[in-house]
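Here's the structure, in structure tokens; my notes come after.
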Amino acid sequence: MTNAIEIKNLNKNYQDFKLKDVSFKVPRGSIVGFIGENGAGKTTTIKAMLNLVKRDGGTIEMLGMDTLKDEKKIKESVGVVMDGCNFHDNLKTGDIAKMLASIYKKWNQELYQQYLKKFKLPENKIIKEFSRGMKMKLQIAVALSHEPELLILDEATSGLDPIVREEILDVFMDFIQDEKHAILISSHITSDLDKIADYIVFIHQGEILLDEEKETLLSKMGVLKCGEEDFRKLEVDEYIRYRKNQFSFEVLVNDKAAIRKKYPEAVLDGVTIEEIMLFYVRGEK
């Protein structure tokens, strides 16, 4: 399986923040969930991929091409959706199509009309009259209508109601059925990634802490609930982070099957992507 995105040792230095040797891949035929708290470096990484900020080191390849040397060619084949709508308030959907048909060589007007119909987007209203959900669906329709091989989505489902989000997630799943396509999606709504992501990349304070297949993460990790006496019996390499409350400990373990075998009486639960992130960010080592 080839990779739609390969990032190696990406560095970006600001006065109060740094991306530090960020490296990860997005295989074709997959959806990669890019997670982290606000300010962790998700949007900075995505902007560096799109050459919207100048990197200080590292290499980025998309669709087998260098993003600095082949930027124009790459952007013909990449659909991008950022948080917020960038189209002028007084435009209608037809106006947008006319503009983009002159920009993208592979603009597909028929496909665009299909998405407008699918998303129930009115052609006689100006963008100013669209709801947030309608604006986001319009951006996704636009991103898909020049027939990209790769989608890069930065908080594309944030602020949307569950019904709209489900509709959009279905479109993303359809998109990657062709093994040539791929999606990188950053999102605070980790329940969406529980549903659709194949891989999880977790960035914290500018560094990648996790880069793993989602099902492997969720099947191996677990949350051990115990008292202090049992917690003290754990070996350091048996857990990743822990949280202490008034009466007990919650412990993120890296191999719940091994823990269950070693401590058969222990209370051991499954884990979600959100819980993993919270343990890494707020837990103690």
The one condition in (1) in contact with a strand residue (DSSP E or B) (Cβ under 8 Å, 6 or more places away or on another chain); (2) farther than 24 Å from residue 169 by Cα; (3) surrounded by 15 or more Cβ atoms within 10 Å (Cβ to Cβ) that residue 57 fails to fulfil: (3)
Selection within segment 263-285 - in contact (Cβ under 8 Å) with a residue 12 or more places away in the chain and more than 19 Å from residue 214 (Cα to Cα): 263, 266, 267, 268, 282, 283, 284, 285
Residue match in segment 202-212 (condition: over 23 Å from residue 20 (Cα atoms) and of a type in the set (Asp, Glu)): no
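In segment 249-265, how many are surrounded by fewer than 17 Cβ atoms within 10 Å (Cβ to Cβ) and touching a strand residue (DSSP E or B) at 6+ places or on another chain (Cβ under 6 Å)?
Filtering segment 249-265 down to residues surrounded by fewer than 17 Cβ atoms within 10 Å (Cβ to Cβ) leaves 254-255, 257-258, 260-262, 264-265.
This time we only want the ones that are touching a strand residue (DSSP E or B) at 6+ places or on another chain (Cβ under 6 Å), so: 254, 260.
Adding up the residues that qualify gives 2.
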Hey, residue 180 surrounded by fewer than 17 Cβ atoms within 10 Å (Cβ to Cβ) and part of a strand (DSSP E or B) or not: no
Among the residues listed as 283, 227, the single one being closer than 28 Å to residue 9 by Cα, at pLDDT below 95 and not charged (D, E, K, R): 283
Filter result for the condition that a residue is of a type outside the set (Lys, Arg), touching a Ser or Thr at 6+ places or on another chain (Cβ under 8 Å) and assigned to a helix (DSSP H, G or I), over 230, 174, 170, 194: 194
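Yes or no: residue 74 farther than 29 Å from residue 25 by Cβ, in a helix (DSSP H, G or I), assigned by TED's automatic domain parsing to the domain that holds residue 136 and of a type in the set (Val, Ile, Thr)?
Judged against the criteria, residue 74 is not a match.
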Total residues in segment 103-162, condition touching a strand residue (DSSP E or B) at 6+ places or on another chain (Cβ under 8 Å), of a type in the set (A, V, I, L, M, F, W, C) and either surrounded by fewer than 16 Cβ atoms within 10 Å (Cβ to Cβ) or closer than 27 Å to residue 40 by Cβ (or both): 8
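The values are calculated or read from the model by the stated rules, or taken from the named source; none is laboratory data. Values in this document were obtained by computation on a predicted structure and should not be read as measured data. Methodologically, a virtual Cβ is constructed for each residue, glycine included, from the backbone with ideal geometry; neighbour enumeration extends over all protein chains shown.
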